[in-house]
Amino acid sequence: MHEWARRVAADWPALEAVERGGWRLGRSDGVTKRANCALVLEPGADVDVVTDFYRGCLLTPCVQVWPGEEETDARLERAGYRMVEPTLVLGRGLAERPAGPGTTGIGTRPAAQWSALTAGSEHQVRGIERVLGRVAAGYGVAPDGEGRGCVVVDGESAAICAMVTAAGSRGRGVGRGVLEDLLAWAHDRGARSAYLCVVEGNGPAIGLYEGFGFVPVSRYHNRVLG
């Protein structure tokens, strides 16, 4: 398994995962592709294993494809899997504590204001809470619930995720404040590097992260059937 695939899967974990036929198959009741996808363990793994598993779970078959997995990618394409959501992994060092504004309320459980900014159904909201409940995380909420984010701390590594700014609060620096406070919180708990995943076409988010010193360290895309 690709090194970054392993890290991302650990920091945004599937509720259930099995290894079968050269694949790691994760499922989480359909909540996010990242927690409901297959990762290749063996280069020649049979694509039908993925298809049959997810169809048996009544989920759309999905595979996360990383650099060096071009042969697998080609076989998925031939099997009818289409590419979606090319995603960048951005990383930065965290040797020094960021000087955040200190206005973000951060706790180890999601507050009601944090969950209120999750798009989608109640199933989606609770599903994300269950996924992040499996890791050591800090949940940050901006004043008046204008934005939110999460940071998962694993030893010296921190993963930023679930960043959202309320529609009426965009362009006012809300995301910057939340991000900087989350990085400071993670630094205080021993993190000395940080990373995040962002869809390649999300220019405003990429600009925000680059302004904080994040640079591309890897990339992946999903292949979904149909």
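Tabulated values for the structure
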| read-out | value |
| --- | --- |
| Close pairs from the stretch 158-175: first within 19 Å of ARG97 (Cα to Cα), partner part of a loop (DSSP other than H, G, I, E, B) and among the charged types (D, E, K, R), Cβ under 9 Å, at least 6 apart | ALA158/ARG189; ALA158/ARG192 |
| Criterion violated by VAL47 - all others in (1) within 22 Å of ALA194 (Cα to Cα); (2) crowded, with 19+ Cβ neighbours inside 10 Å satisfied | (1) |
| Restricting the stretch 106-126 to residues that are surrounded by 16 or more Cβ atoms within 10 Å (Cβ to Cβ) and within 16 Å of GLY140 (Cβ to Cβ), the residue that is modelled with the lowest pLDDT | THR118 |
| Any pair with Cβ under 7 angstrom, 6 or more apart, that starts in the stretch 77-90 at a residue that is assigned to a helix (DSSP H, G or I) and ends at one that is among the small types (Gly, Ala, Ser) | none |
| Contacts under 8 angstrom Cβ, first residue in the stretch 54-76 being not assigned by TED's automatic domain parsing to the domain that holds LEU39, partner of a type in the set (Lys, Arg), 6 or more apart | none |
| Scan of the stretch 127-137 for residues that are touching a Ser or Thr at 6+ places or on another chain (Cβ under 9 Å) and surrounded by 18 or more Cβ atoms within 10 Å (Cβ to Cβ), ordered by number | GLY127, ILE128, VAL131, ALA137 |
| Failed criterion for PRO216 (all others in (1) within 18 Å of GLY100 (Cβ to Cβ); (2) surrounded by fewer than 17 Cβ atoms within 10 Å (Cβ to Cβ) hold) | (1) |
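The values are calculated or read from the model by the stated rules, or taken from the named source; none is laboratory data. Fair warning: this is a prediction, and the values are worked out from it, not measured in the lab. Because the Cβ atoms are built from the backbone with ideal geometry, glycine has one as well, and the counts that use them run over all protein chains shown.
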